[in-house]
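The values are calculated or read from the model by the stated rules, or taken from the named source; none is laboratory data. Please read these numbers as outputs of a predicted model, since none were measured by experiment. Please note: Cβ atoms are built from the backbone with ideal geometry, for glycine as well, and neighbour counts cover all protein chains shown. Accessible surface is based on the protein model in full, side chains and every heavy atom, while ligands, DNA and RNA are left aside. Shrake-Rupley method; radii C 1.70, N 1.55, O 1.52, S 1.80 Å.
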Amino acid sequence: MDKLPAVGLLTPLDLSTVDAVPESHVWPHLDESSQKFESDKTVSIPVVDFNDDNVLELIGKACEEWGMFQLINHGIPKTLTAETEEVARCLFALPQSQKMKALNVPGTANGYCMARLTKHHDKMMWHEGFTVIGSPVDDFKKLWPSDYQPFCDKMEEYQLKMKALADKLISLIFKFLGISDEEMVKKLSYIDPATGKPHLALRLNSFPPCPEPSKVIGLAAHTDTSLFTMLHQARREGLQILNEKDGWLPLAPRSDALIINVGDFLQIISNGRFHSVPHRVMIRETEKTTMSMAYFFHPPGHLHVAPYCKPLSETLQTPIYKGVNVKEYFIIKAKASGKGIAALTI
């Protein structure tokens with residue numbers, strides 16, 4: 001596979017200025033079924049009410065059977081979500097020259113960027129992104145020099161609420177897997193001792209209008225390198241999951257739900273009980289920008305992640321994956337063109 005030139009990885013194309021899809025963004029081998037969005041083909045993944053008395057079992061069952069579920073009554077205020085989404089819309093609506101002032105610096109994650117999946121493919125995606133880790137103040141000062149603070153406040157408030165929800169979810173998930181609170185603290189300390197910063201990331205995704213949506217991909221097929229991801233989907237269609245039997249299936253998300261999907265590290269820790277489901281984003285709109293906000297919850301780079309194997313009923317589980325250092329896993333996955341789990345299979 002030919003590699004994109006380094007500049008292609010660093011400098012997003014201003015997609016709002018093109019009248020036809022440039023060759024750099026044309027995906028020639030899209031199957032016809034991937035472009036169909038018939039209502040009878042959409043899939044409704046399990047809906048879990050966070051206030052349900054059986055929430056522990058409902059989450060565990062959904063992770064085992066689907067690797068994904070929709071969470072309602074999650075406690076994130078609708079007004080806060082809407083206001084944070086509006087900050088993202090204002091950000092992506094800025095002139096390209098202004099957004100480029102906050103361009104992601106190689107070796108770091110923060111800032112304006114293309115989808116990191118680009119490095120695994122010889123075609124680019126119809127996407128622009130912005131990653132926020134901790135306070136966005138340094139980057140937002142570049143975008144809005146005189147009035148950045150209100151934008152920062154809203155983004156930090158949203159991250160704080162999502163972090164609190166993520167803490168509750170991981171506690172429930174580990175309890176379902178039989179991992180005690182003490183073991184959880186030992187396994188997953190979210191503060192990197194080297195930096196003193198938590199390893200949590202908010203990715204803002206924008207999918208601009210496309211003159212020929214059947215030729216492009218918003219986000220190519222991938223699994224998330226996280227414990228789990230919490231996704232606010234500001235669009236009804238486009239997200240698809242891969243089903244071994246039926247192929248790519250479009251999802252029908254609820255407007256009041258967060259989509260929670262299992263990431264690679266949770267598949268490893270669960271010893272394959274949970275599955276990091278492949279997913280992608282297809283482009284349908286020709287006249288309107290659509291968006292999503294993904295909150296990634298993952299362990300810091302210095303930790304070692306391995307299958308948690310204790311007797312299940314009366315049968316002792318055998319590890320099916322090799323343990324791995326978190327930072328090293330990112331490298332392994334990159335070298336394996338995004339297929340990191342397969343590289344760890346024993």
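Just subtract the alpha-carbon distance of residue 304 and residue 137 from 0.36 nm times their residue separation and send over the number in nm, one decimal.
Here the answer is 57.0 nm.
What distance in nm separates the two pseudo spin-label positions at residue 212 and residue 168, each 7 Å out from Cα along the beta-carbon direction?
Calculated label separation equals 4.8 nm.
What is the sum of charges around residue 26, taking Lys and Arg as +1, Asp and Glu as -1, for the other residues whose C-beta is under 10 Å from the C-beta of residue 26?
Every neighbour counted, the sum reads 0.
Pick from 284, 116, 203: which is most flexible by mean-square fluctuation in a GNM of the chain where alpha carbon atoms under 10 Å apart are linked?
116
By the scheme Lys and Arg +1, Asp and Glu -1, what is the net charge of all other residues having a beta-carbon under 12 Å from that of residue 55?
-1
Looking at the chain, send over the antiparallel percent of its DSSP beta bridges, to the nearest 5.
Counting DSSP beta bridges with both partners in the chain, the antiparallel share is about 90 percent.
Once you have the Kirkwood Rh of the chain from its Cα pairs, apply Stokes-Einstein at 20 °C and 1.002 mPa s and quote D in µm²/s.
The estimated diffusion coefficient comes to 102 µm²/s.
For the chain, what does the helix formula give at 222 nm: sum of -39500 (n - 2.57) over DSSP H segments with n ≥ 4, over the residue count, nearest 500 deg cm²/dmol?
Working: 10 runs with 98 residues, N = 346.
Helix-only estimate at 222 nm: -8500 deg cm²/dmol.
Taking only protein heavy atoms into account and a 1.4 Å probe, give the accessible area per residue of the chain in Å².
48
Measure off, as a whole percent, the carbon and sulfur share of the 1.4 Å-probe accessible area of the chain, all protein chains present.
54
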